[in-house]
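The values are calculated or read from the model by the stated rules, or taken from the named source; none is laboratory data. The structure presented is a predicted model; accordingly, all values stated were derived computationally and were not measured. Note that we place each Cβ from the backbone using ideal geometry, even for glycine, and neighbour counts take in every protein chain shown. For accessibility, only protein heavy atoms count, side chains too; no ligands or nucleic acids. Shrake-Rupley method; radii C 1.70, N 1.55, O 1.52, S 1.80 Å.
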Amino acid sequence: MAYRALTEQEAVEYVKGLPGLFTEGAELTSREIGDGNLNLVFDIQESATGKKVIVKQALPFARVVGESWPLTIDRARIESEALRIQHKYVPDLVPEVYHFDQELALTVMENVGDHIIMRKGLIEGKRYPLFPKQIGRFLAHTLFYTSDLGAHPYDKKALVGTFINPELCKITEDLVFTDPYENAPTNDFNPLIRREVEAIWNNKPLKLEIAKLKYDFLTRAEALLHGDLHTGSIFITETSLKAIDPEFAYYGPIGFDIGAVIANLLLNYAGQHGLQEDPGERDSYREYLLETVEDVWNEFVSQFVQLWHKQAKERSAHVEGLWQSYVKRLIQDTAGYAGCKILRRVIGLAGVADLNTIADDEKRAEAERLALAIGEALILGRSNVDESTDITDIVRQVTAR
Ligand code: SR1
Ligand code: MG
């Protein structure tokens with residue numbers, strides 16, 4: 001079938017035509033629930049049996065802007081292949097793909113509708129004690145097994161080819177690493193923080209560090225990244241986590257994915273200024289978020305290093321001292337990328353609800369100023385970061401200013 005964007009009813013007809021999903025004559029409901037920046041997402045359910053699937057279809061443009069921003073539908077192939085690979089390594093943490101249609105740029109997958117988007121949960125003040133272990137395992141396993149440490153050299157190079165994702169990478173190159181640091185038309189920030197934003201545009205040492213991080217993003221094919229692992233790409237309950245939406249997947253620096261997770265916890269930390277009225281509750285929730293930041297890194301690193309010792313295929317991996325220097329560089333990358341991911345969400349296109357839902361403009365501006373200061377301090381201070389408490393110390397110091 002030639003490409004066309006499906007309606008709710010056409011999505012139902014489509015899944016009915018697939019073998020093994022629903023019985024013939026099944027009565028299905030369909031709702032388009034996509035609230036992300038790019039795609040159509042149909043929630044399809046059979047009320048008689050409770051059986052449900054998600055149909056996700058890429059639109060040939062960026063939904064957040066409209067048809068004036070054309071965008072490759074090949075991102076649907078990237079996403080379905082990344083989901084399949086990630087599902088292989090951490091089956092409980094990634095939705096299962098049932099079917100992929102290249103022409104329609106459409107994936108039929110497990111419906112995890114009993115989970116909620118983690119960003120929403122954090123905004124509501126929910127706590128997720130299992131999150132660090134879950135996301136730490138997701139990161140450690142997906143990144144290790146697709147890197148030169150865990151993959152056969154031929155397989156790794158073939159995967160690099162499969163995941164050449166130029167248009168989606170260009171979005172990140174522009175929206176995370178370039179536009180927010182100059183007076184670009186894509187920027188979209190609260191006018192009340194113009195002074196702080198202009199200070200960033202004029203901060204040469206900061207822009208140099210961001211340029212170095214961007215250069216590594218452009219050139220360092222370390223592992224198959226999720227590529228957009230913010231808290232809106234994580235579905236969660238008290239006991240279960242599913243990482244979704246890897247359409248930005250490509251081979252890049254490992255710290256970019258870990259940094260994305262930490263950045264989004266810290267954006268919520270900054271947002272507490274306007275999200276939580278009670279100062280005691282706010283401090284307590286912020287402490288919870290900082291502990292979570294530390295635990296995410298600690299879980300990741302302990303599982304990654306364990307895999308390194310037990311499973312590393314690359315012979316040089318066992319040279320004395322290598323894993324320690326690798327991990328040190330990794331946490332410094334993580335801090336730097338977390339900083340960029342924070343700054344872009346405040347200054348650039350595509351903000352986050354943790355800040356944007358703060359109704360009072362002045363309170364929102366205060367939260368945004370804090371986020372900018374944290375992002376900047378992480379980027380400029382990353383060369384002194386050695387362990388996870390160095391990251392949270394930076395955040396505490398900036399908050400106390
Ligand atoms: C035009 S897409 C804007 C942003 O949405 C995605 O979630 C990525 O983060 C991208 O930068
Ligand atoms: Mg997304």
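Pairs exceeding 30 Å between alpha-carbon atoms, taken from Lys156/Lys242; Lys212/Lys310; Lys56/Lys157; Lys88/Lys207; Lys157/Lys242: Lys212/Lys310; Lys88/Lys207.
Ligands, DNA and RNA excluded, the heavy atoms of Thr162 present near 40 Å² of accessible surface to a 1.4 Å solvent probe. Taking a Cβ cut-off of under 13 Å around Glu387, the surrounding Lys, Arg, Asp and Glu residues balance to a net charge of -3, with basic ones at +1 and acidic ones at -1. Net charge of the neighbourhood of Ala151, taken over other residues with C-beta under 11 Å away and scored Lys/Arg +1, Asp/Glu -1, is 0.
Which value in Å does the Kirkwood hydrodynamic radius of the chain take, with 1/r averaged over all unlike C-alpha pairs and then inverted? Intermediate values should be presented prior to the final figure.
On the way: mean 1/r = 0.0459 Å⁻¹.
Mean inverse Cα-Cα distance, inverted, gives 21.8 Å.
Scaling against 2.2 N^0.38 Å puts the C-alpha radius of gyration of the stretch 170-287 at 1.23. When the accessible area of the stretch 27-92 is computed with all protein chains present and a 1.4 Å probe, what percentage of it is carbon and sulfur? The nonpolar share, carbon plus sulfur, comes to 51 percent. For the stretch 63-218, the calculated P(r) over all alpha carbon pairs, in 5 Å bins from 0 to the bin holding the longest distance, is 1, 7, 10, 13, 16, 17, 16, 12, 6, 2, 0 percent.
Would you work out the charge dipole size for the chain about its Cα centre, treating the Cβ of every Lys and Arg as +1 and the Cβ of every Asp and Glu as -1, and quote it to the nearest 20 debye? List each step's numbers first, then the result.
Details: 44 positive and 61 negative charges, 193 e Å.
For this selection, approximately 920 debye.
Rank Asp361, Asp354 by accessible area, highest first, at a 1.4 Å probe radius? Show your work: numbers first, answer last.
Details: Asp361 85, Asp354 0 Å².
The residues order as Asp361, Asp354, largest area first.
Around Ile254, under 12 Å between beta carbons, what's the net of Lys plus Arg minus Asp minus Glu among the other residues? Before the final figure, lay out the partial values.
On the way: positive: Arg220, Arg329; negative: Asp148, Asp216, Glu222, Asp257, Asp333.
So the surrounding residues net to -3.
Residues in the stretch 37-109 average 40 Å² of solvent-accessible surface per residue, probe 1.4 Å, ligands and nucleic acids excluded. Placing Glu222, Glu124 in order of accessible area, with the largest value first and a 1.4 Å probe, yields Glu124, Glu222. Ordering Val41, Gly227, Ile193 by Cα displacement along the dipole of the chain toward the positive end leaves Gly227 in first place; charges were set at the Cβ atoms of Lys, Arg (+1) and Asp, Glu (-1).
Write down the accessible area per residue of the stretch 221-295 in Å², having rolled a 1.4 Å probe over the full set of protein chains.
On the way: 1850 Å² over 75 residues.
Accessible surface, normalised per residue, equals 25 Å².
What helices in the chain pass both tests, a Cα length along the helix axis of 20 Å or more and a mean Kyte hydropathy of 0.0 or higher, using whole DSSP H runs? Each step should come with its number before you reach the end.
Values: long enough: 75-89 (21 Å, -1.12); 131-146 (22 Å, 0.16); 204-219 (22 Å, -0.12); 255-275 (29 Å, 0.79); 279-311 (47 Å, -0.89); 322-347 (38 Å, 0.07); 361-381 (29 Å, 0.10).
Taking the DSSP H segments of the chain (at least 20 Å long, mean hydropathy at least 0.0), we get 131-146, 255-275, 322-347, 361-381.
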